[in-house]
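The values are calculated or read from the model by the stated rules, or taken from the named source; none is laboratory data. Treat the numbers as computed from the prediction; the structure is a model and nothing was measured. Because the Cβ atoms are built from the backbone with ideal geometry, glycine has one as well, and the counts that use them run over all protein chains shown.
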Amino acid sequence: MKNVLRKVFWPILRFFETDEEPAEYKPSYRFVLRVVGILFLFLSGVSAFAGYSIGQVGALIPVLVFFSVGLVAVVLGVLGSDAAVSKIWGIKK
């Protein structure tokens, strides 16, 4: 199942995947990335509800931004390699 999902989300993963080993990778980086992604997805849902309640089309912009950031974070946190997780946090060798 994980291989199928990696093929579905390869456009996101290819920007962050590298062949080099991360210098200082900690499992907590992956956990925090998942939590931040879930929070952004929740925030996009709240923004969508608020935008629908007031009937403004301009509320779609934060929904799209928060959803995009949350999706990337969750996909990398779940499917990304250790090097990809390190790269999104900006950890260099």
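Of all the listed residues (Ser44, Ser53, Ser28, Ser86), the sole one being touching an Asp or Glu at 6+ places or on another chain (Cβ under 8 Å) and either modelled with pLDDT of 95 or more or part of a helix (DSSP H, G or I) (or both) is Ser86. Any residue at all in the range 17-28 that is in contact (Cβ under 8 Å) with a residue 12 or more places away in the chain, in contact with a Leu (Cβ under 9 Å, 6 or more places away or on another chain), surrounded by 14 or more Cβ atoms within 10 Å (Cβ to Cβ) and of a type outside the set (Val, Ile, Thr)? No - not one qualifying residue is present in the range 17-28.
All but one of (1) surrounded by fewer than 17 Cβ atoms within 10 Å (Cβ to Cβ); (2) aliphatic (A, V, I, L, M); (3) in contact with a Leu (Cβ under 7 Å, 6 or more places away or on another chain) hold for Leu60; state the number of the condition that does not hold. Evaluating Leu60 over (1) surrounded by fewer than 17 Cβ atoms within 10 Å (Cβ to Cβ); (2) aliphatic (A, V, I, L, M); (3) in contact with a Leu (Cβ under 7 Å, 6 or more places away or on another chain) leaves (3) as the failure.
The number of residues in the range 29-48 being closer than 24 Å to Leu60 by Cβ and surrounded by 15 or more Cβ atoms within 10 Å (Cβ to Cβ) comes to 8.
Is it the case, given these coordinates, that Phe15 is part of a loop (DSSP other than H, G, I, E, B), of a type outside the set (Val, Ile, Thr) and modelled with pLDDT of 85 or more?
Details: part of a loop (DSSP other than H, G, I, E, B): yes; of a type outside the set (Val, Ile, Thr): yes; modelled with pLDDT of 85 or more: yes.
So Phe15 passes the test.
Among the residues of the range 1-13, just one is surrounded by fewer than 13 Cβ atoms within 10 Å (Cβ to Cβ) and closer than 16 Å to Asp82 by Cβ, namely Lys2.
Within the range 71-80, the presence of a residue that is free of Cβ contacts under 8 Å to residues at least 40 places away in the same chain and touching a helix residue (DSSP H, G or I) at 6+ places or on another chain (Cβ under 8 Å) is excluded.
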